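The values are calculated or read from the model by the stated rules, or taken from the named source; none is laboratory data. It should be emphasised that the depicted structure is a prediction, and the values quoted were computed from it without experimental measurement. Positions of Cβ are backbone-derived with ideal geometry, glycine not excepted, and every protein chain shown enters the neighbour counts. Please note that ligands, DNA and RNA were not included when accessible areas were found on the heavy atoms of the full protein model with its side chains. Shrake-Rupley method; radii C 1.70, N 1.55, O 1.52, S 1.80 Å.
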Amino acid sequence: MTPRPAAAQRKADLAQIHMAAAALKLIDGPDDSAYRAMLQTVVRVDSAGELDHAGRAAVLRHLRACGWQPVQKRARTAQADAGTQLALVKLLWSKLADAGQVRDASDKALRAFVRRQSEKWNPDGVGYDAPELLPPLAAQRVIEQLKRWCRRTGVEFR
(Lines give C-alpha, C1' and ligand atoms only; values in the text may rest on other atoms or scores of the structure.)
Protein backbone atom coordinates (compact mmCIF):
# COMPACT_ATOMS: atom_id res chain seq x y z
CA MET A 1 0.00 0.00 0.00
CA THR A 2 1.49 3.34 -0.99
CA PRO A 3 1.50 6.16 1.53
CA ARG A 4 -0.96 8.98 1.01
CA PRO A 5 0.17 12.56 0.42
CA ALA A 6 0.03 14.63 3.62
CA ALA A 7 -3.03 16.65 2.55
CA ALA A 8 -5.01 13.53 1.64
CA GLN A 9 -3.98 11.83 4.89
CA ARG A 10 -5.04 14.91 6.90
CA LYS A 11 -8.42 14.95 5.18
CA ALA A 12 -8.93 11.21 5.79
CA ASP A 13 -7.92 11.54 9.46
CA LEU A 14 -10.28 14.47 10.02
CA ALA A 15 -13.11 12.57 8.35
CA GLN A 16 -12.47 9.58 10.62
CA ILE A 17 -12.39 11.81 13.70
CA HIS A 18 -15.73 13.36 12.80
CA MET A 19 -17.33 10.01 11.93
CA ALA A 20 -16.09 8.54 15.22
CA ALA A 21 -17.36 11.52 17.21
CA ALA A 22 -20.77 11.19 15.57
CA ALA A 23 -20.85 7.42 16.14
CA LEU A 24 -19.99 7.89 19.80
CA LYS A 25 -22.68 10.59 20.06
CA LEU A 26 -20.16 13.28 21.00
CA ILE A 27 -21.77 15.42 18.32
CA ASP A 28 -25.52 15.60 18.67
CA GLY A 29 -26.97 17.87 15.99
CA PRO A 30 -25.82 21.45 16.54
CA ASP A 31 -24.52 20.66 20.05
CA ASP A 32 -20.88 19.64 19.85
CA SER A 33 -19.85 20.64 23.37
CA ALA A 34 -18.94 17.05 24.35
CA TYR A 35 -16.77 16.76 21.22
CA ARG A 36 -15.00 20.07 21.95
CA ALA A 37 -14.48 19.04 25.58
CA MET A 38 -12.93 15.75 24.44
CA LEU A 39 -10.55 17.61 22.09
CA GLN A 40 -9.60 20.01 24.89
CA THR A 41 -8.97 17.12 27.32
CA VAL A 42 -7.04 14.87 24.93
CA VAL A 43 -4.98 17.30 22.84
CA ARG A 44 -5.65 20.78 24.23
CA VAL A 45 -7.23 22.28 21.09
CA ASP A 46 -10.72 23.54 20.29
CA SER A 47 -10.90 22.23 16.73
CA ALA A 48 -9.59 19.11 15.02
CA GLY A 49 -8.50 21.33 12.13
CA GLU A 50 -5.72 22.69 14.37
CA LEU A 51 -4.16 19.25 14.85
CA ASP A 52 -0.94 17.99 13.34
CA HIS A 53 -0.43 14.34 12.40
CA ALA A 54 0.53 13.29 15.94
CA GLY A 55 -2.50 15.09 17.41
CA ARG A 56 -4.88 13.46 14.95
CA ALA A 57 -3.38 10.07 15.75
CA ALA A 58 -3.80 10.70 19.49
CA VAL A 59 -7.47 11.66 19.04
CA LEU A 60 -8.12 8.58 16.90
CA ARG A 61 -6.44 6.35 19.54
CA HIS A 62 -8.62 7.93 22.22
CA LEU A 63 -11.79 7.44 20.17
CA ARG A 64 -10.90 3.78 19.58
CA ALA A 65 -10.30 3.36 23.31
CA CYS A 66 -13.79 4.78 23.85
CA GLY A 67 -15.22 1.97 21.74
CA TRP A 68 -15.28 3.32 18.21
CA GLN A 69 -14.22 0.90 15.49
CA PRO A 70 -13.51 2.17 11.99
CA VAL A 71 -15.47 0.53 9.21
CA GLN A 72 -13.23 -1.08 6.65
CA LYS A 73 -14.36 -0.60 3.07
CA ARG A 74 -14.14 -3.64 0.87
CA ALA A 75 -12.92 -2.96 -2.61
CA ARG A 76 -15.42 -3.94 -5.28
CA THR A 77 -13.86 -6.08 -7.91
CA ALA A 78 -15.13 -8.01 -10.87
CA GLN A 79 -14.54 -11.10 -8.77
CA ALA A 80 -16.80 -9.74 -6.02
CA ASP A 81 -19.51 -9.06 -8.60
CA ALA A 82 -19.32 -12.59 -10.03
CA GLY A 83 -22.53 -14.45 -9.38
CA THR A 84 -24.48 -11.35 -8.41
CA GLN A 85 -27.48 -9.83 -10.10
CA LEU A 86 -25.30 -6.98 -11.35
CA ALA A 87 -22.94 -9.43 -13.02
CA LEU A 88 -25.91 -11.20 -14.64
CA VAL A 89 -27.37 -7.94 -15.97
CA LYS A 90 -24.00 -7.05 -17.49
CA LEU A 91 -23.53 -10.56 -18.89
CA LEU A 92 -26.94 -10.60 -20.57
CA TRP A 93 -26.38 -7.11 -21.98
CA SER A 94 -23.00 -8.13 -23.41
CA LYS A 95 -24.49 -11.31 -24.94
CA LEU A 96 -27.14 -9.21 -26.68
CA ALA A 97 -24.49 -6.74 -27.81
CA ASP A 98 -22.21 -9.51 -29.14
CA ALA A 99 -25.14 -10.91 -31.12
CA GLY A 100 -25.79 -7.48 -32.67
CA GLN A 101 -29.17 -7.06 -30.96
CA VAL A 102 -28.14 -3.86 -29.15
CA ARG A 103 -27.45 -0.73 -31.20
CA ASP A 104 -25.19 0.77 -28.55
CA ALA A 105 -23.29 -1.62 -26.27
CA SER A 106 -21.92 1.12 -23.99
CA ASP A 107 -22.50 1.43 -20.25
CA LYS A 108 -24.44 4.61 -20.97
CA ALA A 109 -26.91 2.64 -23.11
CA LEU A 110 -27.19 -0.06 -20.43
CA ARG A 111 -27.97 2.63 -17.83
CA ALA A 112 -30.66 4.08 -20.12
CA PHE A 113 -32.19 0.60 -20.55
CA VAL A 114 -32.16 0.00 -16.78
CA ARG A 115 -33.76 3.42 -16.19
CA ARG A 116 -36.57 2.75 -18.71
CA GLN A 117 -37.25 -0.73 -17.40
CA SER A 118 -37.12 0.15 -13.70
CA GLU A 119 -39.37 3.21 -13.96
CA LYS A 120 -42.25 0.85 -14.78
CA TRP A 121 -42.05 -0.72 -11.32
CA ASN A 122 -41.17 2.31 -9.23
CA PRO A 123 -44.27 3.87 -7.66
CA ASP A 124 -42.85 7.34 -8.30
CA GLY A 125 -42.37 6.53 -11.99
CA VAL A 126 -38.65 7.33 -11.80
CA GLY A 127 -36.15 4.69 -12.85
CA TYR A 128 -32.83 3.80 -11.27
CA ASP A 129 -29.88 5.47 -12.98
CA ALA A 130 -27.55 2.47 -13.00
CA PRO A 131 -27.71 -1.30 -12.59
CA GLU A 132 -25.55 -0.97 -9.44
CA LEU A 133 -28.38 0.97 -7.77
CA LEU A 134 -31.13 -1.56 -8.41
CA PRO A 135 -32.70 -3.17 -5.35
CA PRO A 136 -32.89 -6.97 -5.63
CA LEU A 137 -36.51 -7.13 -6.82
CA ALA A 138 -36.01 -4.50 -9.53
CA ALA A 139 -32.74 -6.16 -10.57
CA GLN A 140 -34.54 -9.48 -10.96
CA ARG A 141 -37.18 -7.82 -13.14
CA VAL A 142 -34.51 -6.26 -15.36
CA ILE A 143 -32.80 -9.65 -15.62
CA GLU A 144 -36.09 -11.26 -16.68
CA GLN A 145 -36.61 -8.55 -19.31
CA LEU A 146 -33.12 -9.19 -20.69
CA LYS A 147 -33.74 -12.96 -20.73
CA ARG A 148 -37.00 -12.46 -22.64
CA TRP A 149 -35.16 -10.25 -25.13
CA CYS A 150 -32.54 -13.00 -25.55
CA ARG A 151 -35.23 -15.65 -26.13
CA ARG A 152 -37.09 -13.43 -28.61
CA THR A 153 -33.97 -12.84 -30.67
CA GLY A 154 -32.50 -16.35 -30.36
CA VAL A 155 -29.49 -15.27 -28.29
CA GLU A 156 -28.10 -18.10 -26.13
CA PHE A 157 -27.55 -16.88 -22.58
CA ARG A 158 -26.94 -20.02 -20.53
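Values as computed for the structure displayed
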read-out	value
Inter-label distance for A87 and A57, nm, one decimal - labels placed 7 Å from Cα along Cα-to-Cβ	4.0
Magnitude of the charge dipole, the chain, Cβ model with Lys/Arg +1 and Asp/Glu -1, debye to 20	680
Taking the chain and dividing mean pair separation by its residue count, relative contact order in percent (alpha carbons under 8 Å, at least six apart)	17
Cα→Cβ-extended label distance, 7 Å offset, between N122 and A6, nm	4.5
Accessible area (Å², per residue) of the chain, counting only protein heavy atoms and a probe of 1.4 Å	68
Cα shape, the chain, gyration tensor, a/c 1.5 rule	prolate
Sparse-neighbourhood loop sites, trypsin sites (Lys or Arg not before Pro) in the stretch 7-38 - DSSP loop, at most 14 other Cβ within 10 angstrom	K25
Proximal lysine pairs, the chain, alpha carbons under 19 Å, eight or more residues apart or interchain	6
Contour excess over end-to-end distance, with Cα ends at D32 and A109 and 0.36 nm allotted per residue	23.1 nm
